[in-house]
2 protein chains.
Amino acid sequence: MTNAASAPTSFPQMANAIRALSMDAVERANSGHPGMPMGMADVATVLFTRFLKFNAEQPDWPDRDRFVLSAGHGSMLIYSLGYLLGFDGMSLEELKNFRQLGSKTAGHPEYGHAPAVETTTGPLGQGLANAVGMALAEAHLNARFGDDLVDHHTYVIAGDGCLMEGVSHEAIGLAGHLKLRKLIVLWDDNEISIDGPVLLSDSTDQLARFAASGWATARVDGHDPEAVAAAIEKAKTSDRPTLIACKTVIGYGAAKKAGTSAAHGAPLGEEEIAAARKALDWPHAPFEVPEDVLGSWRAAGVAGKDAYAEWDERVSGSDHCEAFKSAMAGDYAGALADAIGVYKKSLVDEPQKAATRKASELALNVINEVVPETVGGSADLTGSNNTKTKNIDILSAENYAGRYIYYGIREHGMAAAMNGMALHGGVVPYGGTFLVFTDYCRPSIRLAALMGVRSVFVMTHDSIGLGEDGPTHQPVEHLASLRAIPNLNVYRPCDAVETAECWQMALKTIATPSVISLTRQGLEQARLTQSDDNLCARGAYVISGEGDYDVTLLASGSEVSLALKAREALASDGVKARVVSAPCFELFAMQPENYRLEVLGEKPRIGVEAAIRQGWDQFLRLKDSFIGMSGFGASAPAGDLFKHFGITAEAITAEAKRLIG
Amino acid sequence: MTNAASAPTSFPQMANAIRALSMDAVERANSGHPGMPMGMADVATVLFTRFLKFNAEQPDWPDRDRFVLSAGHGSMLIYSLGYLLGFDGMSLEELKNFRQLGSKTAGHPEYGHAPAVETTTGPLGQGLANAVGMALAEAHLNARFGDDLVDHHTYVIAGDGCLMEGVSHEAIGLAGHLKLRKLIVLWDDNEISIDGPVLLSDSTDQLARFAASGWATARVDGHDPEAVAAAIEKAKTSDRPTLIACKTVIGYGAAKKAGTSAAHGAPLGEEEIAAARKALDWPHAPFEVPEDVLGSWRAAGVAGKDAYAEWDERVSGSDHCEAFKSAMAGDYAGALADAIGVYKKSLVDEPQKAATRKASELALNVINEVVPETVGGSADLTGSNNTKTKNIDILSAENYAGRYIYYGIREHGMAAAMNGMALHGGVVPYGGTFLVFTDYCRPSIRLAALMGVRSVFVMTHDSIGLGEDGPTHQPVEHLASLRAIPNLNVYRPCDAVETAECWQMALKTIATPSVISLTRQGLEQARLTQSDDNLCARGAYVISGEGDYDVTLLASGSEVSLALKAREALASDGVKARVVSAPCFELFAMQPENYRLEVLGEKPRIGVEAAIRQGWDQFLRLKDSFIGMSGFGASAPAGDLFKHFGITAEAITAEAKRLIG
């Protein structure tokens, strides 16, 4: 309760400014969602003028309260606020260009695209789950750096859709279990969904449901500012996260459409808008905000100025100053280069025969030592994903300073929370499950890529090599389907050296999330000579067979060893094979053309991956071959499966001989 | 309460037979999950000997109770039961070959692979959500055909993982709302997950949570058969679905590992097994079941024989007999050929300029008339997905006879329920959302493909053509990532005629699920001449430009119109372009090679799709071109976006000219 900008008298008109701008912008765009901003204008006005700790002049203030509009379709709420509060770049012109090419006011709020947008929302439930990660990051950094430097809340506006989505269950279960008391969710309880009344499809008692997950709950009239304020006050003193159900009227102010699904996702139309102007006592032209109202909003925008200055001073005077700034900067390129370099040398000196999931643990031993900001975890597969190193403790409600999270069987909630942590800053999240279960968290992986955040998804058991668990657990299409996502680096290292290099890249690419695909089964170390360069950084490279050659064997991950074995077998028959390891297609695509052509070579090529062919065709010409999977796997010991599906050194050898005739 | 086979005295040993077989099979396989079958053996014995309506000699009895092992890792429970109850094909040999290549006893239960497996489980939460669909199908068919023909329960064994997964929230919300009173979930409340005690990651009050979603709940000692039986008795009289929390000890019987995560997912080891044999008073050799115990089980296996015979007689004597049998057969090829033929002719007579989502509604008007078994729905996008036709009513707790479901904002729960409905039989489920949200239900789409069931996923707004909603809502990688899933037909029709043909194929391919990808934006009708054949059945075909040609333009969906426009423009410049419409890559891949080569042609090719290139390379040679997307979309009116991203007739025309030099 820091901001004193709002005189109670101007409150209704301040809220109406949001309503008017929202309905006007949607009308002008002839597309968009006026209902939510109009319904939640009062709640948002209370939050932004009386509670939210921020400073529009310092939008990146690390200790600002986070505000997440989980119901992202109501984007005009956040854009209106951005303009009213005076965030740099959110001009009236931008509001007028809502949903137009090149504007900042995209249909749904996009992180990095418009000011005051803490995360990209629209796919429902994601914002709520991101917010859990933000609150988690806050709790962790608070434990590490103390109240003086880190002490802020995370507020969420969520709709019925957010609460119906499955990811919300995972998110609230995690938040309740971890007692994230600074997380406050304002639910736009308007009883309306797109198809009509929520009662058409749902009759959940949301308050009871949240309470069952360990949340405090409250119910208020969302159009009564004092009631909303009192509920937020109380939530701030809770020892648990809080859900505040704000009973609202969707499209509040519209004449006939208010309270109906007609107000949700389409322009109101001239007639309704004219009536709304009357009902709201808002006689101003479209996009016009009277000076006194704008003035009150602008004052609220900088009400946190002093608090910011005081915080800034505290940071400068803190013993933690350097560590805090380094954590927020999150640049580990130098430290990692040294540490990984030493580690790689040790591997050359003493080669490791290990599954790459184990190699990942070895790399993490090094990384977690030199990067104090990593916060790892697993969706209940810690021992299988090898994500917990001995040098980090468990993060729990009793120990927020810990760096390892038992996420539970919540792949989706984990991935979304990781994104929230990365967005918050000050922590570097990584989390594991089986590669096949990327399907369970794909919406969050996609958003990580769209936002460009450094979430590192550690995905083990990456092929039929997982063996007996069978086709439900064996990824065959997942590498292809992940490589399909723009701005996502999919790594599939072939041994301990490559695993270390891929981890190094994953932490270096600050604006690109990574999937690291790792084997269950043990692998020989393929790289036996020291390279100071990170060879994986080029995406693909000749790992064996420089000079003259007859055939190029292209492989990734566990199949590199098969290709190397095939190379030996071919050599004994006088055939010269070159083996290319391709741990990251995306990085390879960024190399200069001449490098790419040189690596692929002019001679016949065979692609080898224990997965489907899709995605490999870019490297293969008409007469080239692919050895991999063409359908689902089966349940059997891994060795039997590789033989059964014909993914063996023998098969590669035979195909190479056939190709070169 | 029909089966009287179990004399109370033999109960412990009947349950111990499950325990012994499970631990022995896991030990022999040196892999698997003994903990769950041993913990839930008592509950399962109560269920199968005292409640479950089935007849091992008629495993496909349509009115059997459904049993779903949602905690699929405990597969030895169902395999043990299959053998003990005498299901055909589940021999002792199969148990001994647990998790071996070619056995029926796969690591996780696979539908169609082993008897008594009603759905493929393992990916957690799916079975529970499938069961909701089964119970829904039962309620619907019960309303349609009456108690005499359809009146059965759906039982689920679910674990902590199932209840933590997000999909469980969507599933129980839907079931509670629809008051699916014949759905009974037995929760294996063993307080253990893989990482350790459940309390490491979760502290949800599950009973309160289910109650909040409108379920009846009970808590029992899962090792007290009478308590379990009483709870099931009571559940059967409930007007709501019921959750029964069965407090159990994981790995019950094992000496040191019982009650710990060590019993969950690994062989117990010789020592523990020997101790368990003692503790359980089971002095028999591995895989040996004493005659009296086996006899009691076998009797239970056929205890439903009379009930089956009576049911069979009721069916024969019923007025509904023919309709019921036809519904269960689910073969609509003939009826659809006629109806779609007539409809296609009407389109040729009166071409429709329509978005393909609208064309889908038109096709559904025809289909829902001649296929009385379709049950449609949408995840709260009814008006956008055009999934509700006027000739079907709403299915609700008040009207199970309805054929349209408001699934709410539950894409994942919807898809999983659809699979359950398809598995149940007697209904043909289709359901809609935006194509981008296939990510939200991908685990269920994959399982539909793995199981080979006829779920039809209606996915609209299938490209940047959705316009202003922006990149969060614009699929760019989704066609590729769906085409990557084996045994899934991905259709992308270009106009009303193709949409009808694709729907016809989707309903015809009984063992393959379909995604029908549809536009938001209006399209000209491309097919203007009558074809009695279903041209889409070939996957790709020359839609315009027979005879001599200089260049082949390959396109799908909305981009076919662009290719056709380019063809006209090229013609005026004297260049002959041939346009290939490729509505289904998967069906095209099944055509004979000479047909495929003929369609692709020898001349330069340009692939056009408002999506990424991945997947298209199979059709494109080194010198060919692709016009599409290379990254995420943007928020703007659709027309502006197609221009901005260079996916236009002009761009195709220019590229064609460049290619043919």
Practice task
With a 1.4 Å probe on protein heavy atoms only, work out how much accessible surface B and A bury together, total over both chains, in Å² to the nearest 100.
Solution key: 7400 Å²
Practice task
Go through A:526-532, B:547-553, A:148-154 and give me the packing order, highest mean Cβ count within 10 Å leading.
Solution key: A:148-154, B:547-553, A:526-532
Practice task
Starting from a label point 7 Å past Cα on the Cβ side, list the distances from B:Ser630 to the same position in the other copies, nm, shortest first.
Solution key: 3.3
Handout entry: Under 16 Å from A:Lys576, Cα to Cα: lysines that are on another chain or at least 8 residues apart
Key = A:Lys565, A:Lys603, A:Lys657
Practice task
Leaving ligands, DNA and RNA out of it, work out the accessible area of B:Asp281 with a 1.4 Å probe and give it in Å² to the nearest 10.
Solution key: 100 Å²
Problem - 27 Å Cα-Cα threshold exceeded, pairs from A:Lys256/B:Lys353; A:Lys345/A:Lys390; A:Lys96/A:Lys278 - result: A:Lys256/B:Lys353
Problem - Compactness of the range B:373-499 as Cα Rg over 2.2 N^0.38 Å, two decimals - result: 1.03
Handout entry: Per-residue ³J(HN,Hα) for the range A:374-385, Karplus 6.51 cos²θ - 1.76 cosθ + 1.60, θ = phi - 60°, Hz, x for Gly and Pro
Key = 5, 10, x, x, 7, 7, 6, 9, 3, x, 8, 7
Exercise for the section: Scale the Cα Rg of chain A by the rule-of-thumb value 2.2 N^0.38 Å and send over the ratio, two decimals. Expected result: 1.05
Handout entry: Kirkwood Rh in Å, taken over the range A:183-251 so that all alpha-carbon pairs contribute
Key = 12.6 Å
Completion exercise
Whole-Hz Karplus couplings 3J(HN,Hα) for the range A:615-632, θ = phi - 60° and coefficients 6.51, -1.76, 1.60, Gly and Pro as x, run x, 7, 4, 4, 9, 10, 8, 3, 8, 7, 10, 9, 10, x, 9, 10, x, 5
Exercise for the section: Over the range A:22-133, with every protein chain in place, what whole percent of the accessible area is carbon and sulfur at 1.4 Å, could you tell me? Expected result: 40 percent
Fill in the blank from the handout: Loop-resident trypsin sites (Lys or Arg not before Pro) in the range B:244-344 with no more than 10 other Cβ atoms inside 10 Å, DSSP not H/G/I/E/B, are none
Exercise for the section: Shortest first and in nm with one decimal, please list how far the B:Lys345 label point sits from its counterparts in the other copies (point 7 Å along Cα→Cβ). Expected result: 8.3
Practice task
Would you mind working out the magnitude of the charge dipole of the range B:154-276 relative to its Cα centre, with +1 at each Lys and Arg C-beta and -1 at each Asp and Glu C-beta, to the nearest 20 Debye?
Solution key: 620 debye
Exercise for the section: Between the alpha-carbon centers of the range B:543-601 and the range A:226-254, tell me the distance in whole angstrom. Expected result: 58 Å
Completion exercise
Expressed as a whole number, the average count of other chain Cβ atoms within 10 Å around the Cβ atoms of A:446-453 is 3
Exercise for the section: Distance between Cα centroids, the range A:10-32 to the range B:384-418: provide it in whole Å. Expected result: 34 Å
Exercise for the section: Please list, in chain and number order, the residues 5+ apart from A:Arg99 or on another chain whose amide H is under 5 Å from its amide H, with Hs placed from the backbone. Expected result: A:Thr105, A:Ala106, A:Gly107
Exercise for the section: Find out how many positive minus negative residues lie around B:Cys502, taking Lys and Arg as positive, Asp and Glu as negative, among other residues whose Cβ is under 15 Å from that of B:Cys502. Expected result: +2
Completion exercise
Carbon plus sulfur, as percent of the 1.4 Å-probe accessible area of the range A:485-530, comes to 55 percent
Handout entry: Point-charge dipole on Cβ atoms (K/R +1, D/E -1) for the protein assembly as shown, about Cα centre, debye to 20
Key = 1080 debye
Exercise for the section: Taking 40 Å² as the minimum loss, tell me which residues in the range A:210-233 lose that much accessible area going from the chain by itself to the full protein complex (1.4 Å probe). Expected result: A:Ala212
Handout entry: Heavy-atom accessible area ranking, 1.4 Å probe, most first, across B:Lys104, B:Lys390
Key = B:Lys390, B:Lys104
Problem - Interface residues in the range B:408-438 - accessible area drops by 40 Å² or more relative to the isolated chain, probe 1.4 Å - result: B:Ile409, B:Arg410
Problem - Packing-based order for A:329-342, B:82-95, using average beta carbon neighbours within 10 Å, highest first - result: B:82-95, A:329-342
Fill in the blank from the handout: Expressed as a whole number, the average count of other chain Cβ atoms within 10 Å around the Cβ atoms of B:373-380 is 3
Exercise for the section: Net charge near B:Arg578: determine it from the other residues with C-beta under 10 Å of the C-beta of B:Arg578, scoring Lys and Arg +1 and Asp and Glu -1. Expected result: +1
Completion exercise
Lys and Arg at +1, Asp and Glu at -1: neighbours of A:Ala354 with Cβ under 10 Å from its Cβ sum to 0
Completion exercise
Residue-normalised value, i.e. accessible area per residue, for chain B at 1.4 Å probe, in Å², stands at 31 Å²
Exercise for the section: Every other copy gets compared here: list the nm distances from the B:Gly452 label point (7 Å along Cα to Cβ) to its counterparts, shortest first, one decimal. Expected result: 4.7
Completion exercise
Given the candidates A:Pro493, A:Ile244, B:Gly127, the one whose Cα lies deepest towards the positive end of the charge dipole of the protein assembly as shown, counting +1 at each Lys or Arg C-beta and -1 at each Asp or Glu C-beta, is A:Pro493
Completion exercise
For the range B:527-616, listing GluC sites (Glu not before Pro) in a DSSP loop whose Cβ sees at most 14 other Cβ atoms within 10 Å gives B:Glu546, B:Glu602
Problem - Electrostatic dipole magnitude of the range A:342-448 [Cβ: Lys, Arg +1; Asp, Glu -1; Cα centre; debye, to 20] - result: 260 debye
Handout entry: Alpha-carbon centroids, the range B:97-153 and the range B:278-329: separation in whole Å
Key = 16 Å
Problem - Given charges at Cβ of Lys, Arg, Asp, Glu: the protein assembly as shown dipole, positive-most of A:Val370, B:Leu523, A:Ser91 - result: B:Leu523
Exercise for the section: Treating cross-link reach as a plain straight distance, find the aspartates and glutamates whose alpha-carbon is under 16 Å from the alpha-carbon of B:Lys344, omitting any fewer than eight places away in the same chain. Expected result: B:Glu361, B:Glu369, B:Asp495, B:Glu498, B:Glu501, B:Glu524, B:Asp532, B:Asp533
Exercise for the section: Would you mind computing, in nm to one decimal, how far apart the modelled labels at A:Lys256 and A:Ala589 are, each placed 7 Å from Cα along Cα→Cβ? Expected result: 5.0 nm
Exercise for the section: Could you work out the equivalent-ellipsoid semi-axes for the protein assembly as shown, taking the square root of 5 times each eigenvalue of the Cα gyration tensor, largest first, in whole Å? Expected result: 43, 39, 36
Exercise for the section: Quick one: which residues, 5 or more positions from B:Ala354 or on another chain, have an amide H under 5 Å from its amide H? H modelled 1.01 Å from N in the peptide plane, none for Pro or chain starts. Expected result: B:Leu523, B:Gln525
Problem - Backbone HN-Hα couplings from phi across the range A:124-138 [Karplus 6.51/-1.76/1.60, Hz, Gly and Pro as x] - result: 5, x, 5, x, 4, 6, 4, 4, 4, x, 5, 5, 5, 4, 4
Practice task
Taking the dipole about the Cα centre of the range B:383-471, with the C-beta of Lys and Arg at +1 and of Asp and Glu at -1, give me whichever of B:Leu395, B:Gly425, B:Phe457 is farthest to the positive side.
Solution key: B:Gly425
Fill in the blank from the handout: Non-local residues with an amide H under 5 Å from the amide H of B:Ile627, with H modelled 1.01 Å from N and Pro and chain starts lacking one, are B:Gly607, B:Val608, B:Glu609
Handout entry: Eligible aspartates and glutamates near B:Lys305 by straight Cα distance, threshold 19 Å, same-chain separation 8 or greater
Key = B:Glu57, B:Asp60, B:Asp63, B:Asp65, B:Asp88, B:Asp147, B:Asp148, B:Asp151, B:Glu313
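The values are calculated or read from the model by the stated rules, or taken from the named source; none is laboratory data. On a predicted model such as this, the values are computed, not experimentally measured, just so you know. Glycine also receives a Cβ, built like all others from the backbone with ideal geometry; neighbour counts cover every protein chain displayed. The accessibility values were calculated without ligands, DNA or RNA, using every heavy atom of the protein model including side chains. Shrake-Rupley method; radii C 1.70, N 1.55, O 1.52, S 1.80 Å.
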